[in-house]
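Below is one structure, written out as C-alpha cells; comments come after it.
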Amino acid sequence: MNSISQNILIVTLTFFAMESVAWIAHKYLMHGLLWFLHTDHHKRDDQQFFEKNDYFFLIFATPGITCLYLGLENFTTPFWIGLGITIYGFAYFLVHDIFIHQRFNLFKNTDSVYLRAIRKAHKVHHKRLTKENGESFGMLWVPFHYFKEASKARDK
C-alpha cells in the first residue's frame, strides 16, 4: 500500500472511529461529569444563539488541532489523524447544528431515510430533560429501528 492510500485509510478510519468517541463522550461525559455544560442543550432557549454546550466544540477540536500541528511539518501520521478528527467535527457541525437543530435556516426538508432516521433519533434523545436514562447518543449512526421507521414513513 502506498503512502497516499495509507493516509486516506488513516483519515477514513479516524473519521469512523470518531463516531464511537462521540457516542462515549456524549453518554458518559456530557450526560455525566460535564452535564453542567450540556444541560442547556436539552433545555434550549431559542432566544440565545450560543449555549454552554458550544464549549464542547473547543474541547473536541483540541485533539484534532494538536494532531494537525504535530504532524504538519512532514505530513506524518498525526496530521492524517487530525484531519480525520477535523472532518468528523465538520460533519458533526453540518448534521447536528445545521440540519438537526436548524441553527441556520438550511436543509429543512429531506426525503432521505438516513437523514430522517438521525433526526428522529436526536428528537427522541432530547425528550429527556435530565442526564439520566437517555438514549440515542450517536450522531451519524443511530439504532437500526430509526432507519426502519424512516423507511416506512417515506413509503406511505
**Request:** Evaluate E = 1/(1 + (r/R0)^6) for residue 98 and residue 126, where r is the Cβ-Cβ distance and R0 equals 22 Å; express this FRET efficiency to the nearest 0.05.
**Result:** 0.85
**Asked** Which entries of 52/148; 27/52; 120/152; 27/108 show an alpha-carbon separation above 22 angstrom in the structure shown?
**Response** 52/148; 27/108
**Complete:** Here, trypsin sites (Lys or Arg not before Pro) of segment 1-83 satisfying both criteria (DSSP loop; at most 14 other Cβ within 10 Å) are 43, 44
**Stretchable slack from residue 145 to residue 8, in nm (0.36 nm times residue separation minus alpha-carbon distance)** = 46.2 nm
**Request:** Have a look at 100, 59, 24 and tell me which one the Gaussian network model of the chain (Cα, springs below 10 Å) gives the largest fluctuation.
**Result:** 59
**Request:** Report ³J(HN,Hα) in whole Hz for each residue of segment 93-99, in order, from the Karplus equation J = 6.51 cos²θ - 1.76 cosθ + 1.60 where θ = phi - 60°; Gly and Pro get x.
**Result:** 4, 4, 6, 6, 7, 8, 6
**Request:** Could you give the size of the charge dipole of segment 2-156 about its Cα centre, using +1 on the Cβ of each K and R and -1 on the Cβ of each D and E, expressed in debye and rounded to the nearest 20?
**Result:** 680
**Message:** Need the full-extension length gain, residue 21 to residue 54, defined as separation in residues times 0.36 nm minus the C-alpha distance. One decimal, nm.
**Reply:** 10.1 nm
**Request:** Calculate the length of the line joining the C-alpha centroid of segment 95-156 to that of segment 39-80, in whole Å.
**Result:** 22
**Complete:** Expected vector for segment 61-68, Karplus 3J(HN,Hα) from phi with 6.51, -1.76, 1.60 and θ = phi - 60°, integer Hz, x for Gly and Pro, equals 6, 4, x, x, 5, 4, 5, 4
**Request:** Assign one of three labels to segment 29-114, namely rounded, prolate or oblate, based on the Cα gyration tensor with a ≥ b ≥ c the square roots of its eigenvalues; rounded applies when a/c is under 1.5, prolate when it is not and a/b is larger than b/c, and oblate otherwise.
**Result:** oblate
**Prompt:** Got a sec to turn the phi values of segment 143-148 into Karplus ³J(HN,Hα) couplings, 6.51 cos²θ - 1.76 cosθ + 1.60 with θ = phi - 60°, whole Hz, x for Gly and Pro?
**Reply:** x, 4, 4, 5, 5, 4
**Request:** For the chain, build the charge dipole from Cβ charges (+1 Lys, Arg; -1 Asp, Glu) around the Cα centre, then report which of 114, 16, 5 sits farthest towards its positive end.
**Result:** 114
**Value of [θ]222 nm, deg cm²/dmol, for the chain, DSSP H segments ≥ 4, -39500 (n - 2.57) each, nearest 500** = -19000 deg cm²/dmol
**At R0 = 22 Å, FRET efficiency that the Cβ-Cβ distance of residue 41 and residue 73 yields, to 0.05** = 0.05
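Where a number appears in this text, it was derived from the coordinates with a stated rule and is not lab data. Everything numeric in this text was worked out from a predicted model, so none of it was measured. Ideal geometry is used to build each Cβ from the backbone, glycine not excepted, and the neighbour counts take in all protein chains shown.
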